[in-house]
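Asks: Submitted below is the structure of interest, expressed as structure tokens.
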Amino acid sequence: MRIKKILLPFDGSPLSKKALDLAKDIARNFNAELTLFMVIPIYYPIGDSILVSSAAVNYRYFLKTLKQEGEKKIGKVVEKCREQGVKVNYKIANDDVTNAILKEAKRTRTDLIIMGSRRMTGISSIKRLGSTARHVSEHATCPVTLVH
């Protein structure tokens with residue numbers, strides 16, 4: 001298997017940082033390009049009330065702020081990766097998280113997705129049926145590595 005492009009959904013959580021460590025190693029070993037992909041979840045105001053338009057205006061401001069903060073934080077991570085000899089870039093999207101990951105992987109012809117996933121047991125694992133990691137792993141057109 002030849003790996004040229006790795007996609008890492010990254011939100012700064014401990015699990016995404018753990019996945020980043022693995023992704024950096026694989027990227028260096030295969031001389032692959034690593035893309036850190038941050039997704040700001042989409043929000044749809046619902047209804048006809050005057051409050052909806054107010055919520056939409058506030059959401060646009062909130063979205064702009066989240067994107068600016070995300071770029072600052074992910075920019076620092078990208079810089080550290082480059083210092084460690086990793087070919088890396090980043091992208092920030094505003095969409096449904098799962099669909100954004102799948103679309104980006106397909107659009108960029110990603111060879112491998114590496115992402116964090118909470119390990120749940122018992123009844124929690126049944127509730128997890130809609131989780132992002134599971135949905136991505138079931139629908140991706142490339143291999144997916146889940147890091148616990």
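Asks: Under 18 Å from the Cα of Lys80, which lysines turn up, not counting those fewer than eight places away in the same chain?
Replies: Result set, ordered by chain and number: Lys17, Lys18, Lys24, Lys72, Lys91.
Asks: Using label points projected 7 Å from each Cα along Cα→Cβ, tell me how many nm separate Tyr43 and Asp95, to one decimal.
Replies: Distance between the two pseudo-spin positions: 2.1 nm.
Asks: List the residues, sorted by chain then number, that are 5 or more residues from Tyr90 or on another chain and whose placed amide H is less than 5 Å from its amide H.
Replies: Long-range HN contacts for Tyr90: Leu36.
Asks: Skipping prolines and chain starts, which residues have an amide H placed within reach, meaning under 5 Å, of the one on Leu112, given they are 5 or more residues away or on another chain?
Replies: Distant-sequence amide H within range of Leu112: Lys5, Leu7.
Asks: Tell me the net charge near Ser16. Cut-off is 13 Å between Cβ atoms, Ser16 excluded, with +1 for each Lys or Arg and -1 for each Asp or Glu.
Replies: Net local charge, Ser16 excluded: +3.
Read-outs: derived from the displayed coordinates by stated rules, not from any lab. The structure presented is a predicted model; accordingly, all values stated were derived computationally and were not measured. No Cβ is skipped: glycine too gets one built from the backbone with ideal geometry, and neighbour counts run over all protein chains shown.
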